[in-house]
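The values are calculated or read from the model by the stated rules, or taken from the named source; none is laboratory data. This one's a predicted model, so the numbers in the text were calculated from it and none came from an experiment. In this analysis, Cβ positions are derived from the backbone assuming ideal geometry, glycine residues included, and neighbour counts consider all displayed protein chains. For the accessible areas, the whole protein counts, side chains as well, though only heavy atoms, and no ligand, DNA or RNA atoms are used. Shrake-Rupley method; radii C 1.70, N 1.55, O 1.52, S 1.80 Å.
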Amino acid sequence: MKQEMMTIVRQKELAPRIYELVLAGELVKEMKMPGQFLHIRVPRNDLLLRRPISINQYDRETGTCTIIYRVEGEGTKVFSELSAGDLLDVMGPLGHGFEINELKSGDTAFIVGGGIGVPPLYQLSKELKKKGVNVIHFLGFGTSEVVYYAEEFEALAETRFSTDDGTFGLQGNVGNLLLAEKKQPTAVFACGNNGLLKTVEQLYAEIDNVQLSLEARMACGMGACYACVCHVPEAENQSVKVCEDGPVFQAGEVIF
Ligand code: FES
């Protein structure tokens, strides 16, 4: 983990309130695992807490990485007003991402994402494709207006979409997409809200390798403040920290 003033290479609005931000810096060399996140200071003195944002993709050769975030409040609004050449105080990469070492060529991986949980799955998919894994994406959004990265995911592998109102892909949620799927996965990777993660956990209870990336409120982002604690099933006194032990956990490992 490093802390660095990274330079903004470019910023673009992908959909209403959803922004793609490309950053350059030495810190990119440390990025080796999809699913980790950056902890970014808001460049405004009255906003003290850093914002955790997952890494969408990285390229160690060019020293650049991309994050995609949704404007949710004052901090992310400040990010959205920055442009090329501005600097950001970034800590990272942080957390434990997706484990893909066990997968081999010819395995089938389902990659499941919803809404603002979709970004970190992009680098994951790229890494799995490099290994020769057969990937299928299942991506859910609220409505066609807020769909982003559809072409990017389709360029990597077969992709199925759902929207709540049926304006893009199947009408319904990602659970409906998964129920309609006939193939059986070797492993499942998911990132999204708790409802989506619970659906994945239930549908693939028989699969050994199901990895879920949890969304949690964070403060320090590095294991010091206990703001992001989750409990462990059947062990009342045990807990894990989403920022340090996660955000990715095996299904059944934590209560959320
Ligand atoms: Fe502080 Fe996780 S955010 S311990």
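Go through segment 220-244 and give me each residue that's open to solvent by 50 Å² or more (accessible area, probe 1.4 Å), at negative phi and more than 9 Å from the ligand (Cβ to nearest atom). HIS231, GLU236, ASN237, GLN238, SER239, listed by residue number.
Yes or no: segment 1-21 includes at least one residue that is within 19 Å of GLY75 (Cβ to Cβ), loosely packed, with under 13 Cβ neighbours inside 10 Å and of a type in the set (A, V, I, L, M, F, W, C). Yes - at least one qualifying residue is present in segment 1-21. One residue stands out among those in segment 24-67 that are closer than 20 Å to PHE153 by Cβ and among the small types (Gly, Ala, Ser): the one that is surrounded by the fewest Cβ atoms within 10 Å (Cβ to Cβ), which is GLY35. One residue alone among LEU124, LEU156, LEU128 is surrounded by fewer than 22 Cβ atoms within 10 Å (Cβ to Cβ), within 17 Å of the chain's Cα centre (by Cα) and under 25 Å from ILE55 (Cβ atoms), and that residue is LEU156. Taking segment 33-139 as the region of interest, the strands (runs of 3 or more DSSP E) fully inside it that hold 2 or more residues being on the phi < 0 side of the Ramachandran plot and in contact with a His (Cβ under 8 Å, 6 or more places away or on another chain) are 51-59, 87-94, 108-114.
Just to be sure, is ALA216 surrounded by fewer than 18 Cβ atoms within 10 Å (Cβ to Cβ) and either of a type outside the set (A, V, I, L, M) or within 15 Å of the ligand (Cβ to nearest atom) (or both)? Taking the combined requirement at face value, the residue satisfies it.
When each of LEU179, LEU170 is tested for being in contact with a helix residue (DSSP H, G or I) (Cβ under 7 Å, 6 or more places away or on another chain) and over 17 Å from PRO119 (Cβ atoms), the lone residue that passes is LEU170. The residue list GLY142, GLY166, GLY115, GLY75 contains one member that is more than 25 Å from ARG51 (Cα to Cα) and of a type outside the set (Lys, Arg), which is GLY166.
When residues in segment 191-213 are screened for being within 15 Å of the ligand (Cβ to nearest atom) and open to solvent by 30 Å² or more (accessible area, probe 1.4 Å), 0 of them pass.
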